[in-house]
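Below is one structure, written out as structure tokens; comments come after it.
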Amino acid sequence: MRKEPPPVVTTSNVGNVEPRQHPKTGQNEWYQQAVGDYDTALDRLAHAYEADPDRRRDLLQEIHLALWRSFEKFDGRCSLRTWVYRVAHNVAASHVIRQTKWKKNAAFLTLEEAEAQPGNENVEVSADRHQALARLLALIQRLELVDRQVILAYLEDLDAESIGEITGLSTANVWTRIHRIKNVLVRQFHTGVRDAR
């Protein structure tokens, strides 16, 4: 089986090619570069998708394996960053779906349901930054899968176009969802803090 050669950097495609890309870069080199550049982001992503520490480690291992395997097909048509997030979000989404099937009573909320939910009364007013982030993460984990993907990618500083490439949504739809999700999260976060007083 003959593999296509990696893309050649030209003035017309320089925006799609990572700075360290070399025409002979292989699967292991791409993986090493991705881990070097995005390992911390992958940890945050796994933490956002899975609350249980043991399953989170499994998820992270699945992400790394899928990422390594994916570089056999990486052709540079998108940035390395977009590729890494696309693979990671797809693996995480599959993980959530599998977990949902195993836990028939897992309850994910639509945006409308999340808006109607009362906040978590156990949040203390004096919560430090770590507790506030943990609360926000818990709220994000209650969102439906596609909304979770959108907001996590947004929090990782991906632009709407990149998020659209990862999720399959239009750029306009991404912006609309980001706006709605942020409003829901802010409202739920503040409701929980106010109720805890």
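Values quoted throughout were computed directly from the atomic coordinates according to the rules given, and no laboratory measurement underlies them. No experiment lies behind these values; they were computed from the predicted model shown. For neighbour counting, all protein chains shown are included, and Cβ atoms are generated from backbone atoms with ideal geometry for every residue, glycine included.
What to note about this one:
- Whether region 25-106 is rounded, prolate or oblate, judged on the alpha carbon gyration tensor where a/c under 1.5 counts as rounded: prolate
- For LEU143, the residues whose modelled amide H falls within less than 5 Å of its own, excluding neighbours fewer than 5 places apart on the same chain, are LEU109.
- Spatial offset of region 31-50 relative to region 155-175 amounts to 18 Å, using the alpha carbon center of each.
- The stretch between THR40 and GLN131 holds 30.8 nm of extra length on full extension. This uses 0.36 nm per residue minus the Cα-Cα distance.
- Förster radius 41 Å - calculated FRET efficiency between HIS190 and ASN28 (Cβ-Cβ, nearest 0.05): 0.30
- Multiplying the residue separation of LYS182 and SER170 by 0.36 nm and removing their Cα-Cα distance gives an extension gain of 2.5 nm.
- If the chain linking ARG55 and ILE97 were pulled fully straight, counting 0.36 nm for each residue of separation and taking away their Cα-Cα distance, it would gain 13.8 nm.
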